[in-house]
Amino acid sequence: MKFTDMPYERVDFEKLKKDFADLTRDLDRAQSGEEQFAVHERYYSITDHAMTQMTIVEIRHDVDMTDEYYAEEQKYIDQNRPVYENLVSDYLGKIYDSPYREYLEKKIGPVAFKNIELRRKSVDPRILGLMTEENRLMDDYNKILATAAIDWNGETLNLSLLEPYLRNVDRAVRIEAYKKRDAFFLSHAEEFDDLYDKLVKNRTKQAETLGYRNYLTLGDCRMMRNCWGRSDLKQFRRQIRDDFVPYAEELQERRRQNLKLDRLRFYDEDVYFPDGNPKPIGTPDEILEAGRRLYHNLSKETGEFMDLMCEDGLFDVYGRKTKKTGGYMTELPDYKVPFIFANFNGTTSDADVITHECGHAFQYWLVADDPIREHEDITMETAETHSMSMEFFTEPGMDLLFGKRAGDYRDMHFLDAINFIPYGTMVDEFQEIAYENPGLTPAQRNDVWMDLERQYRPHMNYEGDEFLSGGRAWQMKHHIYDCPLYYIDYCIAGTNALEYKIRMSKDFDEAWKSYLTFCRAAASDFFFGLEDRAGLINPFEDGCLKYVVKELRKLTD
């Protein structure tokens, strides 16, 4: 079914309460594990439908944030989602405490039970009001971003549509675009400070209400970190600083030399070639069609997947002035299909949709028919391995998107992948410090950010920009506001993706086979087990980043 034809019906949360009461009653009456699993299959149906309707609202709201009907529907969902989450948590608690747990654990897997344990630790009726307020604060932040109206030579642009000018080959154009973008952020800086301060305090209060010292424990439970924790993160960050940052800085120096600049400035950060970055060729529709051919060339499975995405209208990629910024993949479980939301703007970001977001979507499509829904509950470092690795697996087909500049795109993508890991790790450490110290003032948070910049990205120079030099660059990263503690997952996954790049340089078919194994396993195993199955070196393992850098040097020196 085409997305435009999918009907929307407001979720009746009062009926959901009755449905869950019925499920709980029937669980209690069940006389065997088999009977309880039959009840659990009804739970799948109920939650699939509720999530499908809530996702349709989210997409249609994000597509046009000025649409009053879906804005009200989104507000309704935000107000009631904590109720839904609490119903799910209570029900799963019954599964967790079942007298037939041994049977159920064999049926749905130990990962599912660990995830239930984490969910129980993160949702509670006592914090429903705080969770509702948290949703409102996040939406307030995104509304400010979505309604940005920046004058550019008489034309009004939003942040997504301004993006190409931030990467323009003409340095003077870039400088002017940065001035306008950063003037917008500076004009809202105090609002962003206030919103983040309220979010930190809100999340801290949620954690304290549940008996945690700070939000980090609660946040890690919500991120379903089911086989690693804070000590592992500290080890990973140490490897990034000691083994990876020096290599990344060497590549930054090569970029400076290639651009023939005396020094790199903030407005040079996203420019890789003296004649400008490569751009995908054609209109959005032509880019999607090129992506379709690319996936047909990659494998039988990816070809079938891309046909479905295009024929059923499961993309919304057109940049519009009232559309939410950014991009994501989400799922519509009633229809067993993914959906990709993006903002094409004529830059390489458009290609990232075809590679990164389609990596997420392809993996979901592979496993959407799995009768055990818990296998879809992948953790984020796993999910981002699917997407970031696909970015490298699709590189041989980049001539379809970039023509004669396909080689430039591959070089740029590699540098971008390298540069991201220190940045993403820095974002994670910033959040850890913010939640360990919820009383920090806005100025102190900005000082923390600048100190981390010196550790992870020493080449950065923000001289001459009041917003950036004031340590406020973090305010542009929406994940910090509405996906707390998420960003490190990209870095862990990015390490896996670089491992796949190394492997495919030696044997592409073997690497692809490993990737399919990793994707199909979904959440049937813990992340560490998935790494073993796919033959990947665990990024937390001491020496992993040193090995990756050594092998990458062989490819780039």
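The values are calculated or read from the model by the stated rules, or taken from the named source; none is laboratory data. Keep in mind that this is a model prediction, so the values were computed, not measured. A quick note on method: Cβ atoms are made from the backbone with ideal geometry, for glycine too, and the neighbour counts reach across all protein chains shown. Protein only, heavy atoms only, side chains kept; ligands, DNA and RNA dropped before computing areas. Shrake-Rupley method; radii C 1.70, N 1.55, O 1.52, S 1.80 Å.
Hey, what's the Kirkwood Rh for the chain if you take every pair of different alpha carbons, in angstrom? Walk me through the numbers before you get to the answer.
Working: mean 1/r = 0.0406 Å⁻¹.
So the Kirkwood estimate lands at 24.7 Å.
Leaving ligands, DNA and RNA out of it, rank GLU41, GLU376 by accessible area with a 1.4 Å probe, largest first.
Values: GLU41 95, GLU376 50 Å².
Putting GLU41, GLU376 in descending order of accessible area: GLU41, GLU376.
Per-residue accessible area for ILE116 at 1.4 Å probe radius, Å² rounded to 10?
Roll a 1.4 Å probe over it and ILE116 shows about 10 Å².
With every protein chain present, what is the per residue accessible area of region 50-139 (1.4 Å probe, Å²)?
Numbers: 3790 Å² over 90 residues.
Solvent-accessible surface per residue comes out at 42 Å².
Which semi-axes, in whole Å and largest first, does the equivalent ellipsoid of region 281-428 have when worked out from the alpha carbon gyration tensor as the square roots of 5 times its eigenvalues?
Ellipsoid half-lengths, sorted descending, are 23, 19, 16 Å.
Between ILE537 and GLU249, what is the label-point separation in nm under the 7 Å Cα-to-beta-carbon projection?
2.2
Would you list LYS477, LYS15 from the most to the least accessible area, probe 1.4 Å?
Working: LYS477 45, LYS15 110 Å².
Result of the area sort, largest leading: LYS15, LYS477.
Probe radius 1.4 Å, ligands and nucleic acids ignored: give me the carbon and sulfur share of the accessible area of region 1-131 as a rounded percent.
Carbon and sulfur: 49 percent of the exposed surface of region 1-131.
Once fully extended, how much extra length lies between GLU14 and PHE273, figured as 0.36 nm per residue of separation less the alpha-carbon to alpha-carbon distance?
Fully extending the segment from GLU14 to PHE273 adds 87.5 nm.
Net charge around HIS296, counting only other residues with Cβ within less than 15 Å of its Cβ (Lys, Arg = +1; Asp, Glu = -1)?
That sum, taken over residues with Cβ under 15 Å, equals -3.
Accessible area per residue for region 451-557 in Å², computed with a 1.4 Å probe and the full protein assembly in place, what is it?
Numbers: 4100 Å² over 107 residues.
Averaged over the residues of region 451-557, the accessible area is 38 Å².
At 222 nm, what helix-only mean residue ellipticity would the chain give, in deg cm²/dmol to the nearest 500, using -39500 (n - 2.57) for each DSSP H run of four or more?
Calculated from helices alone, the mean residue ellipticity at 222 nm is -21000 deg cm²/dmol.
In whole Å and largest first, what semi-axes does the C-alpha gyration tensor of region 65-224 yield when each eigenvalue is scaled by 5 and square-rooted? Walk me through the intermediate numbers first.
Working: eigenvalues 351, 64, 54 Å².
Three semi-axes, in Å: 42, 18, 16.
Under a no-solvent Debye model with one identical scatterer per Cα of region 350-505, what's log10 I(q)/I(0) at q = 0.19 Å⁻¹?
-1.19
How much solvent-accessible surface does TYR318 expose, in Å² to the nearest 10, with a 1.4 Å probe and all protein chains in place?
90
Just the number, please: carbon plus sulfur as a percent of the accessible area of region 312-390, 1.4 Å probe, no ligands or DNA/RNA counted.
49
Over region 1-78, what is the mean sequence separation of C-alpha contacts under 8 Å (at least six apart), divided by residue count, expressed as relative contact order in percent?
Across region 1-78, relative contact order equals 29 percent.
Based on the Cβ-Cβ distance of GLU34 and TYR335, what FRET efficiency does E = 1/(1 + (r/R0)^6) give at R0 = 25 Å, to the nearest 0.05?
Given R0 = 25 Å and the Cβ-Cβ separation, E is 0.30.
How big is the gap, in Å, between the Cα center of region 195-221 and the Cα center of region 257-281?
Cα centres, region 195-221 to region 257-281: 40 Å.
Roll a 1.4 angstrom probe over the protein heavy atoms and tell me the percent of accessible area of region 207-296 that is carbon or sulfur. Mind dumping the intermediate values first?
Numbers: 1910 of 3950 Å².
Of all accessible area on region 207-296, carbon and sulfur atoms account for 48 percent.
Any chance you could run the full-extension gain for ARG42 through ASP170? It's 0.36 nm times the residue separation minus the Cα-Cα distance, nm to one decimal.
Gain in length upon complete extension: 40.2 nm.
For region 155-296, what ratio Rg/Rh do Cα atoms give with a Kirkwood hydrodynamic radius?
We get a ratio of 1.08 for region 155-296.
What's the center-to-center distance, using Cα atoms, between region 1-19 and region 368-391 in Å?
When both Cα centres are located, 24 Å separates them.
If packing is taken as the mean number of other Cβ atoms within 10 Å per residue, what is the order of 205-212, 334-341, highest first? Mind showing how you got there, number by number?
Numbers: 205-212: 17.0, 334-341: 19.5.
Most protected by this proxy first, the peptides run 334-341, 205-212.
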